[in-house]
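Down below is the structure, laid out as structure tokens.
The values are calculated or read from the model by the stated rules, or taken from the named source; none is laboratory data. What you see is a predicted model; the values in this text were computed from it and never measured. Glycine also receives a Cβ, built like all others from the backbone with ideal geometry; neighbour counts cover every protein chain displayed.
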Amino acid sequence: MRAQRRLPQSLFDFLEGGAFDEVTMRQNREDFHRIQLRRRVLNSISDPSTATEILGCKMALPLVLAPVGFAGVYAKRGEVQAARAAAKAGIPFSLSTVSICSVEEVAQHSPMPFWFQFYLFKDRGYSLELLNRAQAAGCPVLLLTVDLPVAGARHRYHRSRDRSVMRNMYDALLHMPWWLDVRVRGGPMTLGNIPSSAPRVSNLACMRRWMGKQVDAHCTWNDLEWIRANWKGKILIKGVLDAEDAIIAVNTGADGIVVSNHGGRHLDGIQSTINALPSICEAVGGRFPIFLDGGNI
């Protein structure tokens with residue numbers, strides 16, 4: 001795998017690993033592998049097209065590039081590169097709240113409008129600033145992420161991170177091309193979307209901890225009304241795994257949902273996205289768009 005060869009071990013383990021025993025992360029992959037395509041014949045397909053339009057966004061195929069936190073740590077200005085690649089493929093790109101590149105930087109370099117993934121902060125002033133910045137950047141869709149009640153224990157990552165200092169330094173030396181390209185030439189290594197009114201923090205690790213403390217784990221469906229009042233575009237609820245929640249999303253005015261378990265990276269022991277999909281489609285199919293998160297496959 002190219003990423004494993006390119007990245008220091010602790011960084012690769014953070015990117016690739018899941019929460020706790022990684023049961024849900026493995027289940028996401030295994031359940032997909034058990035599905036086989038149904039093939040029909042003698043139906044005219046002389047002029048097939050994968051193009052579609054969802055939520056007012058034209059797509060070359062029904063696919064959205066999902067948000068990846070800290071993408072700019074893995075590649076030089078990673079979020080800008082991802083936005084350009086998505087635009088070249090004719091599909092939407094979703095920018096993470098916890099991105100290295102700011103929403104303004106991505107807007108400056110992206111050839112087409114992109115979506116914004118959003119965590120509701122405890123401080124509504126911080127939240128409002130982010131919503132305003134995303135709207136000013138022309139983001140047409142907000143992915144309200146609700147499947148992060150607590151940060152999961154990433155055992156694989158912690159084992160790599162907590163190795164001896166000398167071992168981690170040696171590992172960094174073995175990945176000098178990444179170090180030069182990302183850490184030296186790809187700076188600044190800061191979270192670009194931290195609100196301007198937030199207190200300044202000294203480094204990326206501190207920023208991650210600050211962001212983790214700010215995400216509101218106590219938000220409810222009632223908070224969707226506040227978001228709707230402050231966001232003019234479409235709203236997708238990302239993190240739905242239950243048919244009852246999908247029905248509530250319809251009734252509270254969401255424009256669609258993303259069936260997601262956050263790639264098994266925060267909660268372990270819950271069902272895979274593909275297993276959750278049929279009951280959700282049966283409950284609300286046809287009432288609004290339903291997206292499926294691949295689940296770190």
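Scanning for something outside any loop (DSSP other than H, G, I, E, B), under 23 Å from ARG133 (Cα atoms) and touching a residue at least 40 places away in the same chain (Cβ under 8 Å), does the range 264-286 turn up at least one residue? So far as the range 264-286 goes, no, none of its residues is outside any loop (DSSP other than H, G, I, E, B), under 23 Å from ARG133 (Cα atoms) and touching a residue at least 40 places away in the same chain (Cβ under 8 Å). For residues that are in contact with a Ser or Thr (Cβ under 9 Å, 6 or more places away or on another chain) and either charged (D, E, K, R) or closer than 20 Å to GLU16 by Cβ (or both), scanning just the range 118-144, find the one that is surrounded by the fewest Cβ atoms within 10 Å (Cβ to Cβ). Going through the qualifying residues, I end up with ASP123. Give the residues of the range 46-98 that are in a loop (DSSP other than H, G, I, E, B) and touching a Pro at 6+ places or on another chain (Cβ under 6 Å), sorted by residue number. If the condition is that a residue be in a loop (DSSP other than H, G, I, E, B) and touching a Pro at 6+ places or on another chain (Cβ under 6 Å), then VAL64, SER96 are the ones that fit. Scan the range 216-248 for residues that are modelled with pLDDT of 95 or more, in contact with an Asp or Glu (Cβ under 9 Å, 6 or more places away or on another chain) and either exposed (fewer than 15 other Cβ atoms within 10 Å of the Cβ) or assigned to a helix (DSSP H, G or I) (or both) and the total you get is 1.
Looking at LEU11, LEU63 in this structure, which one is surrounded by 11 or more Cβ atoms within 10 Å (Cβ to Cβ), without any contact (Cβ under 8 Å) to a residue 40 or more places away in the chain, among the hydrophobic types (A, V, I, L, M, F, W, C) and within 30 Å of TRP178 (Cβ to Cβ)? First the steps, then the outcome.
Details: LEU11 fails: without any contact (Cβ under 8 Å) to a residue 40 or more places away in the chain.
So the residue among LEU11, LEU63 that is surrounded by 11 or more Cβ atoms within 10 Å (Cβ to Cβ), without any contact (Cβ under 8 Å) to a residue 40 or more places away in the chain, among the hydrophobic types (A, V, I, L, M, F, W, C) and within 30 Å of TRP178 (Cβ to Cβ) is LEU63.
A single entry from ILE274, ILE280, ILE270 fulfils the requirement of being over 29 Å from ARG156 (Cβ atoms) and surrounded by 15 or more Cβ atoms within 10 Å (Cβ to Cβ): ILE280.
Of the residues SER102, SER49, SER96, SER10, only one is small (Gly, Ala, Ser) and within 21 Å of VAL259 (Cβ to Cβ); which?
The match here is SER96.
Of all the residues in the range 103-126, those that are of a type outside the set (Val, Ile, Thr), in a helix (DSSP H, G or I) and in contact (Cβ under 8 Å) with a residue 24 or more places away in the chain number 7.
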